[in-house]
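Have a look at the structure below before the remarks.
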Amino acid sequence: MKNLIVYYSLEGDTDMIAQELAKKIHADIIRLIPKKQIPTGKFTKFFWGGKSVIFNEKPKLTNGKIAVENYDTIIIGTPIWAGSFAAPIMSFISENNIQGKEIYLFACHAGGGAEKCFEKLQNKLAGNTIKGTVDFIEPIKGMDATSNEKFQHFYEEIIRNKK
Ligand SMILES: Cc1cc2nc3c(=O)[nH]c(=O)nc-3n(C[C@H](O)[C@H](O)[C@H](O)COP(=O)(O)O)c2cc1C
């Protein structure tokens, strides 16, 4: 059984981690793409993103049904929006029946909210086992030694778990 990396990224941070992770572990990788483009303007993106989280919105995705049954381990990556996970992740979870999987979570943020975000994701993913979590501060701006170490520990744990 294979690993699947599923992630959403508005501005490239989560994408960077997902791509680096895919190079380290053997995994299929799927980037969630909403049908409606999310505004990237400085304030409109915060307004739109914040509103989508507060109202538990599930924006329609272009990805269609994802064959989660082909994987026993799913690694989910999200930017932190308003102290939670991004709305397209909500769409992915509600459109797919994710049960009995080993799950790893990673999140990118500007400084905080990871614990709360992981707690909320864990609640949404009841019926699965959360095996590990890791968060990064806007990695595009540069990964310091701590971030590199966290990243290494994260992927090594996934590899070890599969042996
Ligand atoms: C709508 C919105 C809400 C955000 N809310 C938070 C937040 O609550 N806490 C935080 O630390 N960063 C917050 N950020 C910053 C992003 O989490 C951060 O820039 C992240 O690295 C972006 O990942 P991405 O490039 O993969 O989209 C927010 C960004 C957006 C667009």
If we keep only residues of region 3-56 that are of a type in the set (D, E, K, R) and without any contact (Cβ under 8 Å) to a residue 12 or more places away in the chain, then the residue least open to solvent (accessible area, probe 1.4 Å) is Lys51
By residue number, the members of region 57-77 that are part of a helix (DSSP H, G or I) and open to solvent by 40 Å² or more (accessible area, probe 1.4 Å) are Glu69, Asn70
| Test: residue in region 123-135 that is open to solvent by less than 10 Å² (accessible area, probe 1.4 Å), at pLDDT 95 or above, over 21 Å from Gly12 (Cβ atoms) and of a type in the set (A, V, I, L, M, F, W, C) | yes
Inside region 78-124, the number of residues satisfying the requirement of being of a type outside the set (D, E, K, R), touching a residue at least 40 places away in the same chain (Cβ under 8 Å), more than 14 Å from the ligand (Cβ to nearest atom) and not in a helix (DSSP H, G or I) is 1
The correct count of residues that are exposed (fewer than 14 other Cβ atoms within 10 Å of the Cβ) and either more than 12 Å from the ligand (Cβ to nearest atom) or not in a helix (DSSP H, G or I) (or both) in region 136-152 is 7
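The values are calculated or read from the model by the stated rules, or taken from the named source; none is laboratory data. Just so we're clear, the structure is a prediction, and the values are computed from it rather than from any experiment. Cβ coordinates were reconstructed from backbone atoms using ideal geometry, including for glycine residues, and neighbour counts include every protein chain displayed. With ligands, DNA and RNA removed, areas are computed over all heavy atoms of the protein, side chains included. Shrake-Rupley method; radii C 1.70, N 1.55, O 1.52, S 1.80 Å.
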